[in-house]
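J.: There's a structure below that I have some questions on.
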Amino acid sequence: MAERVIPLIDQRLGALRAGVPATPIAATGLLSDTLGRPLRDLRISVTDRCNFRCSYCMPKEVFDKDYPYLPHSDLLTFEEITRVAKQFVAHGVRKIRLTGGEPLLRKNIEVLIEQLAALRTVEGEPLDITLTTNGSLLARKAASLKAAGLQRVTVSLDGLQDDVFRAMNDVDFPVADVLRGIEAAREAGLGPIKVNMVVKRGTNDNEILPMARHFKGTGIVLRFIEYMDVGATNGWRMDEVLPSADVVKLINAELPLRQLDASAPGETAERWGYADGGGEVGVISSVTQAFCGGCNRARLSTEGQLYLCLFASQGWDLRSLVRGGAGDEELASAIAHIWQGRGDRYSQLRSTMPPDTGGGARRVEMSYIGG
Ligand code: SF4
């Protein structure tokens, strides 16, 4: 078992200053980076805390009771988040995903959802507002989230057997409660519902077929995610990655599949439909089939740092602008300036890097900027 690495550098402390360009950059809804990728999708982390300790994201050995979580005063308030999100929307963002840590741990998150739901795209359309959760609080929250304006949810579930699930999330939380949360989301009208399963070879890959059988024909879209070298604490090894091509082969042998077209530009999942019409599954293959070419996602950390890639090692401090009296145009200009300079494509470059060193720069933790 690879030695777990305790992060020596805390990205939260080393943010880059987000400057306001001398020549303002107007928000036109059309903003592209150096690779021609438009800004379309904003992921907002609303907390760095979680009640699970998934080994691939927040290993217990590192994220223990002494871990220096962010004090509440450091977090962006709901009003600040909405103000920042409004500038991203003016630049063309159409989809906002709320993440964490576990976003449902953030008190009164419905208030934030109401504020975001009031925003409109540059075309005057409602935003696509979704949320990624571990499902532990969903049974209790589904109805109020829907009433606040949330449209859909993605639930992380890494197995159906309690012992396997426990081996992945490292807390004593029963699968049945997550399934109850998914049912409550369906009853509340939050959909289409997606379920994400991170596949770690040798730990939960024996759950691939049981999960596919369980969700087939339910209208819920199951996606299998390749185990990724996110952050610097999960002890990632390539031999624990089960390539998506093998996952598709495994399912197809029992439940025949046919490939489907992407449903939107920049979609991370490769879609497969059951040949008998029983719905679809997806695979997200950041390790073996990088999709950086269409990556239109920005990430906002819970205390207001802008990250341009899940595997980035530094973010830009937008909070200082927000709390420093910058106007909306200045904020929008600063965001545009940063995005226009973006060239990130870590997954595409991963295979050119020496094995498991991640190119030297210590990557930001996924639990801090959301998946
Ligand atoms: S590795 Fe970075 S640039 Fe590539 S798809 Fe993921 S987030 Fe986007």
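The values are calculated or read from the model by the stated rules, or taken from the named source; none is laboratory data. Everything numeric here is computed off the predicted structure, so don't read it as measured data. Here Cβ is always computed from backbone atoms with ideal geometry, including for glycine, and neighbour counts include all displayed protein chains. What goes into the accessible areas is simple: the full protein's heavy atoms, side chains included, and nothing from ligands, DNA or RNA. Shrake-Rupley method; radii C 1.70, N 1.55, O 1.52, S 1.80 Å.
J.: Out of all the residues in region 262-281, which are open to solvent by less than 30 Å² (accessible area, probe 1.4 Å), touching a Pro at 6+ places or on another chain (Cβ under 9 Å) and over 19 Å from ASP41 (Cα atoms)?
T.: Of everything in region 262-281, just one residue is open to solvent by less than 30 Å² (accessible area, probe 1.4 Å), touching a Pro at 6+ places or on another chain (Cβ under 9 Å) and over 19 Å from ASP41 (Cα atoms), namely TYR274.
Rundown of residues vs (1) of a type in the set (Gly, Ala, Ser); (2) at pLDDT 95 or above; (3) open to solvent by less than 20 Å² (accessible area, probe 1.4 Å), yes/no style:
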| site | (1), (2), (3) |
| --- | --- |
| TRP316 | no, yes, no |
| SER320 | yes, yes, no |
| GLY324 | yes, yes, no |
| SER351 | yes, no, no |
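Results for (1) crowded, with 17+ Cβ neighbours inside 10 Å; (2) under 30 Å from ALA361 (Cα atoms); (3) under 19 Å from the mean Cα position of the chain (by Cα); (4) not aromatic (Phe, Trp, Tyr), shown as yes or no for each residue.
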position: LYS194; (1), (2), (3), (4): yes, no, yes, yes
position: LYS216; (1), (2), (3), (4): yes, no, no, yes
position: VAL221; (1), (2), (3), (4): yes, no, yes, yes
position: ALA232; (1), (2), (3), (4): yes, yes, yes, yes
position: MET238; (1), (2), (3), (4): no, yes, no, yes
position: GLU254; (1), (2), (3), (4): no, no, no, yes
position: LEU260; (1), (2), (3), (4): no, no, no, yes
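J.: Separate question: Examine region 331-340 for a residue that is open to solvent by 20 Å² or more (accessible area, probe 1.4 Å), polar (S, T, N, Q) and in contact with a helix residue (DSSP H, G or I) (Cβ under 6 Å, 6 or more places away or on another chain), and state whether such a residue exists.
T.: no
J.: May I ask you to list the residues in region 247-264 that are among the β-branched types (Val, Ile, Thr) and either part of a loop (DSSP other than H, G, I, E, B) or closer than 19 Å to THR154 by Cβ (or both)?
T.: If the condition is that a residue be among the β-branched types (Val, Ile, Thr) and either part of a loop (DSSP other than H, G, I, E, B) or closer than 19 Å to THR154 by Cβ (or both), then VAL247 is the only one that fits.
J.: Among ARG201, ARG186, which is basic (Lys, Arg), within 26 Å of LEU145 (Cα to Cα) and free of Cβ contacts under 8 Å to residues at least 60 places away in the same chain?
T.: Among ARG201, ARG186, only ARG186 is basic (Lys, Arg), within 26 Å of LEU145 (Cα to Cα) and free of Cβ contacts under 8 Å to residues at least 60 places away in the same chain.
J.: If you don't mind, another one. Mind listing whichever residues of region 282-311 are open to solvent by less than 10 Å² (accessible area, probe 1.4 Å), within 8 Å of the ligand (Cβ to nearest atom) and farther than 30 Å from GLY219 by Cβ?
T.: LEU308
J.: Take the conditions away from the ligand (no atom under 15 Å from the Cβ), over 30 Å from GLU80 (Cβ atoms) and open to solvent by 60 Å² or more (accessible area, probe 1.4 Å) and apply them to LEU242. Does it pass?
T.: Answer is no for this residue.
J.: Continuing with this model, one more query. Among the numbered criteria (1) in contact (Cβ under 8 Å) with a residue 24 or more places away in the chain; (2) among the small types (Gly, Ala, Ser); (3) more than 23 Å from CYS50 (Cβ to Cβ), which single criterion is violated by GLY277?
T.: Just one mismatch for GLY277, condition (1).
J.: While we're on this one: Among ASP356, ASP328, which is the only one that is exposed (fewer than 15 other Cβ atoms within 10 Å of the Cβ), modelled with pLDDT of 95 or more and away from the ligand (no atom under 12 Å from the Cβ)?
T.: Matching residue, one of ASP356, ASP328: ASP328.
Quick grid of which residues meet (1) touching a residue at least 60 places away in the same chain (Cβ under 8 Å); (2) assigned to a loop (DSSP other than H, G, I, E, B); (3) open to solvent by less than 40 Å² (accessible area, probe 1.4 Å):
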residue: PRO24; (1), (2), (3): yes, yes, no
residue: ALA27; (1), (2), (3): yes, yes, no
residue: LEU42; (1), (2), (3): yes, no, yes
residue: VAL62; (1), (2), (3): yes, yes, yes
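J.: Tell me, yes or no, whether region 96-107 has at least one residue that is open to solvent by 50 Å² or more (accessible area, probe 1.4 Å) and over 25 Å from VAL241 (Cβ atoms).
T.: Yes, some residue in region 96-107 is open to solvent by 50 Å² or more (accessible area, probe 1.4 Å) and over 25 Å from VAL241 (Cβ atoms).
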